[in-house]
1. Where residues in the stretch 168-194 are without any contact (Cβ under 8 Å) to a residue 60 or more places away in the chain, assigned to a helix (DSSP H, G or I) and surrounded by fewer than 20 Cβ atoms within 10 Å (Cβ to Cβ), which of them is farthest from the chain's Cα centre (by Cα)?
2. Does residue 534 count as closer than 25 Å to residue 253 by Cα and in contact (Cβ under 8 Å) with a residue 40 or more places away in the chain?
3. Residues that are closer than 26 Å to residue 206 by Cβ and in the same structural domain as residue 256 (by TED's automatic domain parsing): does the stretch 395-413 have at least one?
4. Which is in a helix (DSSP H, G or I) and free of Cβ contacts under 8 Å to residues at least 40 places away in the same chain, of 46, 107, 114?
5. When you scan the stretch 490-576 for helices (runs of 4 or more DSSP H) that lie fully inside it, which ones turn up with 1 or more residues that are within 26 Å of residue 479 (Cβ to Cβ) and in contact with a strand residue (DSSP E or B) (Cβ under 9 Å, 6 or more places away or on another chain)?
6. Taking residue 617 as meeting all but one of (1) surrounded by 12 or more Cβ atoms within 10 Å (Cβ to Cβ); (2) in the same structural domain as residue 386 (by TED's automatic domain parsing); (3) at pLDDT below 95, write down the number of the exception.
7. Regarding residue 266, is this residue modelled with pLDDT of 85 or more, on the phi < 0 side of the Ramachandran plot and touching a helix residue (DSSP H, G or I) at 6+ places or on another chain (Cβ under 6 Å)?
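The values are calculated or read from the model by the stated rules, or taken from the named source; none is laboratory data. What you are looking at is a predicted structure, and each value in this text was computed from that prediction instead of being measured. Quick reminder, even Gly has a Cβ in these numbers, built from the backbone with ideal geometry, and neighbours come from all protein chains shown.
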């Protein structure tokens, strides 16, 4: 005989086979924790967690789980609608909040991409038809559901069809009257549901630690004359921060000392995010719930093979989370999960580091994110080594001027101690080959930085031919993600720590917050603010000796091409202005950098993205309990939004779990999906990657878009 307490499931066997009553209890525990943090009604939050999936007791849903497929009658059962039928068990005054938590935790209430929102179905099927489909066979399944609800402490009684219908009708009418806005309750339930589902019965290990502010006292005890910002107090009462200081001045510590709550630390590149994550883990060894978030973050979590740790990276409640601003874009685009992100980040500290790195649409996105964060009462801390004055002024206006923002720069006499690079201009890479050879003969480390992947690959081949015995590596974005993670680890742990000659060839992924230091750099010309960041990878680590003896190391900058197409991804005019601002065969002085940057960027070029936003001033433009399934803006920003896999990896990819699939994917531009270089089609699994010939890929070079006669 069936026992509802043990024989009804929330998930199929392929997804863990979680028992329904256990899932409801776990979600309820997390909703309580989140509600407590937000000063919402804990008991009401708990009731929402216990009720949200009770509709999964419906026999049609259980058949779907047993068969691991959709059932036959066309439009699938929406279990959350069946959950609404039990509203009469609760006080009427609580219904609105309970509906907010339940009705849209999978689908928008209207204009759902699949047409399965409650108002969509009411419009196409009619109220009674949709009710009956989620009600029948009531006498059978409602008793099982009531047994579960009694088991979790809900006072139960038998409910009539009339009561259930009135509750369902109330929910539909309530949803139809929803104004513009967004619901904290929806964010609470979705955050709790995802948290509990990921950990699947093991929430007790993490629940006590989430939503805790980190102990950042370690950053208060690191005063050092070499790190000028470490000597400056951070106890100013203004909520926001704007600091512009050279690489190596201690910006990270300074920004962390300004934080009072949980910390969201944003950086522009995957490599710098990984490095910052490792830095925090090492500097704060006792701090739990430090997480990172980007496309392949699960591959970086190490120290143990903890499944729990890997699945927690994107979940709610981290003490410190390191991520890109793109992960915050749902706040301005209204895409799935934005309510959960909003309640997670609300009232906390957000660090926007190396904010100069964003341009065009990305820069506009970051400025709009700042506006959204201010609406959520976040404390915002902005840092950069190279920020045009026009951008500084724009950000300062957004933050509420100096009345609300603690601004810090370093005086000229301090900036002079950061002079460490001699700039040499050259006309071609070939001109630098004798210089590289001499550097390697002196057992020194060389970094070659290129603006495009194909150029970096060619430079790596050149170095392989010219210096076959010298250790070398290539780093760019067109590697399988697991190979990229290995390469970054190798760069930090082997090449950076080596005292022997080596060559690293890279694209601009090394520009920011990657704590590596080389003896010489050869770089293509880039916008001046980016160039200065690149220079920071040479002679990076200041010592008392390097400062007192004024140790200077060389950087060779290659003149920009005359052909605008060859200047891509940058604007030729900006490259020419940047190159003109550089000294030749002279030291680059830190005290002069702001003036030079302002000469290159005299005005702020803001790209309008208003048509993509859900905010218009203080007005939120989405109907409450709705979200967009996707965003053209976010897709536009996702330059590497398509993926490829090797033909030899296809079977492993299609049989693997999500982590295994991520590890095998190669990020590619969306335009690459339309290249002629493959006749292997696309996988139907994972991200739907293009399947490419193995000859297009090597572990040393990554993916090369080269002609292969056999597959054209």
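1. 169
2. yes
3. No - not one qualifying residue is present in the stretch 395-413.
4. Details: 107 fails: in a helix (DSSP H, G or I); 114 fails: in a helix (DSSP H, G or I).
Criteria check complete, one pass: 46.
5. Answer list for the stretch 490-576: 528-535.
6. Residue 617 satisfies all of (1) surrounded by 12 or more Cβ atoms within 10 Å (Cβ to Cβ); (2) in the same structural domain as residue 386 (by TED's automatic domain parsing); (3) at pLDDT below 95 except (1).
7. yes
Yes or no, residue by residue, for (1) over 16 Å from the mean Cα position of the chain (by Cα); (2) under 21 Å from residue 229 (Cα atoms); (3) assigned by TED's automatic domain parsing to the domain that holds residue 406; (4) modelled with pLDDT under 95:
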| position | (1), (2), (3), (4) |
| --- | --- |
| 335 | no, no, yes, yes |
| 342 | no, no, yes, no |
| 348 | yes, no, yes, no |
| 351 | no, yes, yes, no |
| 362 | no, no, yes, yes |
| 374 | yes, no, yes, no |
| 378 | yes, no, yes, no |
| 381 | yes, yes, yes, no |
| 386 | yes, yes, yes, yes |
